[in-house]
Structure formats: structure tokens, C-alpha cells
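Asker: Sharing a structure, written as C-alpha cells. Questions coming.
The values are calculated or read from the model by the stated rules, or taken from the named source; none is laboratory data. These figures come from a predicted structure and were not determined experimentally. Reconstructed Cβ throughout: ideal geometry from the backbone, glycine too, with neighbour counts over all protein chains shown.
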Amino acid sequence: MRVFTDWQDVPPDARGATVALGNFDGVHRGHASVIKAAHAARPDAPLAVLTFEPHPREVFRPDDPPFRLTLSAERADALAALGVDLLYELPFNHAFSLMTAGDFVERVLHEGFGARHLVSGQDFAFGHRRGGSTGLLAARAESLGMGLTLVPPVTDAQGPLSSTRIRRALQDGYPERATAELGRPWAIRGIVSHGDKRGRTIGFPTANVPLGRHLEPARGVYATTVRLADGSGHDGVANIGRRPTVNAGTESRLEVNLFGFAGDIYGTDITVALHAYIRAEIKFSGLDALKAQIAADAEEAKRILSLS
């Protein structure tokens, strides 16, 4: 998959695609249905996704807590896995937000990318102050000779599937629900950083990954699988939170113990997938109690993962 971050001076072989439109945070099953519809609409054309980085909400509401399900690299990998040929990842800033909906269709989609067909969800809104509706999109696309497909939401007994619903499931401590709605386990990807190295003193060394702009799920202990930079996979147990027994700070982090692994992975990129929530984060009376509980958590994680 090729990635483009500018809608001007696009090379000829990256034009003329069927373009799926949206933020695609999480790249969940609803997003997958949009991409599938895009391919079905024009199977002879390259398959492209147009999205934004950062997420517009991060620009308009910078003081909000981090909420992203997938950051840029994770989202790109998930889109590539769905067969996307071209990713138009446009930088989103205040200046770009002032572009009218009509100009977005004509200048960016038609002139910039030479889109042959557009695909979006039925609630897609775009342009300055989200002033562009799918009705406007349909009218402008037709006048410019572009096709349009509007895709209904994927629904189940709980209603339409959405990134918001997945965030809520994770914050409530139900990663299994997120897995079902994403079509894969939700994961946090980041660079392993140096911590206080307390884990190795009690027999449970951990890889520490700052949450950064990721959503913070329910604080506590999780059964996990970890993919290292070399592509190898490992089972593990992770804590996400503030570590109240040994830390008085307010910063949350992810610490994961990889079962049977003793390599040096500082500074490398790892992906930690959450499979099941084992227990909430609590403060223990001391290190002995914490060590005993971590051992029990590790055994429970092994049991859960053996069943998956």
C-alpha cells in the first residue's frame, strides 16, 4: 500500500481510484464494509482510502483525554490488511478545516485525486463546520462525473457499530466486545521505554509502553499477546494504570510481562493486544502481596490464552 500526504501533484498512477471516505479510527467491521463496498463498486479501479491525521477531534478539542483506537501506523496496517492499494492521509489543521464542502469535493477529490467513485457511510459529514452532507456529496459527485455509493451501518442487537461504542466497551473493561466489533483484538502499539525496573527485582520484568495518544482502557490487568518488532508473537500479562502500590504519580502506562522471554527490546516497536480483563487495578499492602497477586494474574492469563 502506498501512502500520500498531499492532494496536490499526485502522480498519475495514484489517481483514478475508488475512494472510501472517513476517519477510520479503529478500522472496525463497519469500516471494513465500506471498503468492501468500494471494491465492489469499481473492481477495475485502484482501491483507496482518504482519511486525516491527526483526527479532527484532536485539533478542535485538544484538551480532551486521548481517545484514539488506532494511530497512523496501526491504522495504515489495518487498511492494508483489507486490501487497500492507496492511502490518502491528509494533514488536518485549522487552515484545512476552513475549506468548504464544495471545494473539498471539487479541488481535493476530483482535481487532486481524480477519483472515479466515492464511497462513504450514510452519516458522513465533511468540509468547514461539517457543512457537507451526503446529499451535497451526491449532487457534486454527479455533476463532476464521479460515482457514489452510500453504505448502511453494520448493526447488531446493540445497534449500529461505531468507534464510539468500541471505546466505551474498552473503558468499561470488555476487550472481548471490542474484539468482536473490530474483527481482531484491540492493541496498543508503541516504543518500549525504560521504567523504574522494579518488576525485574520481584521476578516479573516488564516492557513499558507509554499510552501516548491511545485511548486509556479500564485500568487493571489483562491477558495479552505481544508482537515484537521481529514479527515474533508471545503470550503475556499486562497492567494498565498508575501502579498505586509503587507509584504516587498520575501518569498511566502499560507494563507487560512476556512469558518465558528474556531478550532486550528497549527502544523497539511492539504491539500489545488485549484479550481479556482479569481484574481492576488496586493498591496492595506491600511488595510481597503485589508479587503474589502478579503470579496469580500470570497463571490466570495463561489459562485464558490457552483457551483462545
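Asker: So in region 98-145, with the set limited to residues that are charged (D, E, K, R) and farther than 19 Å from Gln8 by Cα, which one is surrounded by the most Cβ atoms within 10 Å (Cβ to Cβ)? Write out each step before concluding.
Answerer: Of region 98-145, the ones charged (D, E, K, R) are 103, 106-107, 111, 116, 123, 129-130, 140, 142.
Narrowing the set further to residues that are farther than 19 Å from Gln8 by Cα leaves 123, 129-130, 140, 142.
Details: Asp123: 13, Arg129: 10, Arg130: 12, Arg140: 21, Glu142: 11.
That would be Arg140.
Asker: Okay, next question. Can you tell me which residue is modelled with the lowest pLDDT among those in region 205-215 that are surrounded by 21 or more Cβ atoms within 10 Å (Cβ to Cβ) and more than 18 Å from the chain's Cα centre (by Cα)?
Answerer: Thr206
Asker: Follow-up. Checking the conditions here, which among Ala95, Ala73, Ala81 is loosely packed, with under 14 Cβ neighbours inside 10 Å and under 12 Å from the mean Cα position of the chain (by Cα)? Lay out the reasoning, then the answer.
Answerer: Working: Ala95 fails: under 12 Å from the mean Cα position of the chain (by Cα); Ala81 fails: under 12 Å from the mean Cα position of the chain (by Cα).
After applying the criteria, what remains is Ala73.
Asker: Which condition number does Leu161 fail, the rest of (1) among the aliphatic types (A, V, I, L, M); (2) surrounded by fewer than 19 Cβ atoms within 10 Å (Cβ to Cβ); (3) closer than 16 Å to Asp25 by Cβ being met?
Answerer: Of everything listed in (1) among the aliphatic types (A, V, I, L, M); (2) surrounded by fewer than 19 Cβ atoms within 10 Å (Cβ to Cβ); (3) closer than 16 Å to Asp25 by Cβ, Leu161 misses just condition (2).
Asker: Here's a follow-up. For region 112-127, state whether one or more residues are without any contact (Cβ under 8 Å) to a residue 40 or more places away in the chain and on the phi > 0 side of the Ramachandran plot. Give the derivation first.
Answerer: So the first thing to find is which residues in region 112-127 are without any contact (Cβ under 8 Å) to a residue 40 or more places away in the chain, and the list is 122-123, 125, 127.
Subset that is on the phi > 0 side of the Ramachandran plot: 127.
Yes, region 112-127 contains a residue that is without any contact (Cβ under 8 Å) to a residue 40 or more places away in the chain and on the phi > 0 side of the Ramachandran plot.
Asker: Then there's this: So, of the residues in region 216-245 that are loosely packed, with under 15 Cβ neighbours inside 10 Å and either modelled with pLDDT under 95 or not polar (S, T, N, Q) (or both), which turns out to be farthest from Thr179 (Cα to Cα)?
Answerer: Keep residues of region 216-245 that are loosely packed, with under 15 Cβ neighbours inside 10 Å, which gives 229-233, 244.
Among the residues that remain, those that are also either modelled with pLDDT under 95 or not polar (S, T, N, Q) (or both) are: 229-231, 233, 244.
On the way: Ala229: 22, Asp230: 24, Gly231: 21, Gly233: 18, Pro244: 28 Å.
Ranking the qualifying residues of region 216-245, first place goes to Pro244.
Asker: Oh, and also: From Val3, Val27, grab the single residue that is in contact (Cβ under 8 Å) with a residue 24 or more places away in the chain, assigned to a loop (DSSP other than H, G, I, E, B) and under 30 Å from Trp186 (Cβ atoms).
Answerer: Working: Val3 fails: assigned to a loop (DSSP other than H, G, I, E, B).
Only one candidate qualifies: Val27.
Asker: Would you pick out the residues in region 269-281 that are surrounded by 14 or more Cβ atoms within 10 Å (Cβ to Cβ) and not aromatic (Phe, Trp, Tyr)?
Answerer: Asp269, Ile270, Thr271, Val272, Ala273, Leu274, His275, Ala276, Ile278, Arg279, Glu281
A quick yes/no check of all residues on (1) under 21 Å from the mean Cα position of the chain (by Cα); (2) under 30 Å from Ser97 (Cα atoms):
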site: Leu148; (1), (2): no, yes
site: Leu161; (1), (2): yes, yes
site: Pro175; (1), (2): yes, no
site: Pro185; (1), (2): yes, no
site: Gly203; (1), (2): no, no
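Asker: Considering only residues that are surrounded by 16 or more Cβ atoms within 10 Å (Cβ to Cβ) and either over 21 Å from Val209 (Cβ atoms) or under 22 Å from the mean Cα position of the chain (by Cα) (or both), which ones fall in region 255-268?
Answerer: Scanning region 255-268 gives Glu255, Val256.
Asker: Look at region 146-155 and say how many of its residues are touching a residue at least 12 places away in the same chain (Cβ under 8 Å) and loosely packed, with under 14 Cβ neighbours inside 10 Å.
Answerer: First, the residues of region 146-155 that are touching a residue at least 12 places away in the same chain (Cβ under 8 Å): 146-154.
Subset that is loosely packed, with under 14 Cβ neighbours inside 10 Å: 152.
Total satisfying the criteria: 1.
Asker: Still on this model: Across region 1-55, what is the total count of residues that are farther than 23 Å from Glu181 by Cβ and of a type in the set (Val, Ile, Thr)?
Answerer: 5
Asker: Here's something else I'd like to know. So in region 5-56, with the set limited to residues that are within 24 Å of the chain's Cα centre (by Cα) and of a type in the set (S, T, N, Q), which one is nearest to Leu161 (Cα to Cα)?
Answerer: It comes out as Ser33.
For (1) under 22 Å from Thr149 (Cα atoms); (2) of a type in the set (D, E, K, R); (3) assigned by TED's automatic domain parsing to the domain that holds Asp25, each residue gets a yes or a no:
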| site | (1), (2), (3) |
| --- | --- |
| Ala41 | yes, no, yes |
| Pro46 | yes, no, yes |
| Val49 | yes, no, yes |
| His55 | no, no, yes |
| Phe60 | no, no, yes |
| Asp64 | no, yes, yes |
| Thr70 | no, no, yes |
| Glu74 | no, yes, yes |
| Ala80 | yes, no, yes |
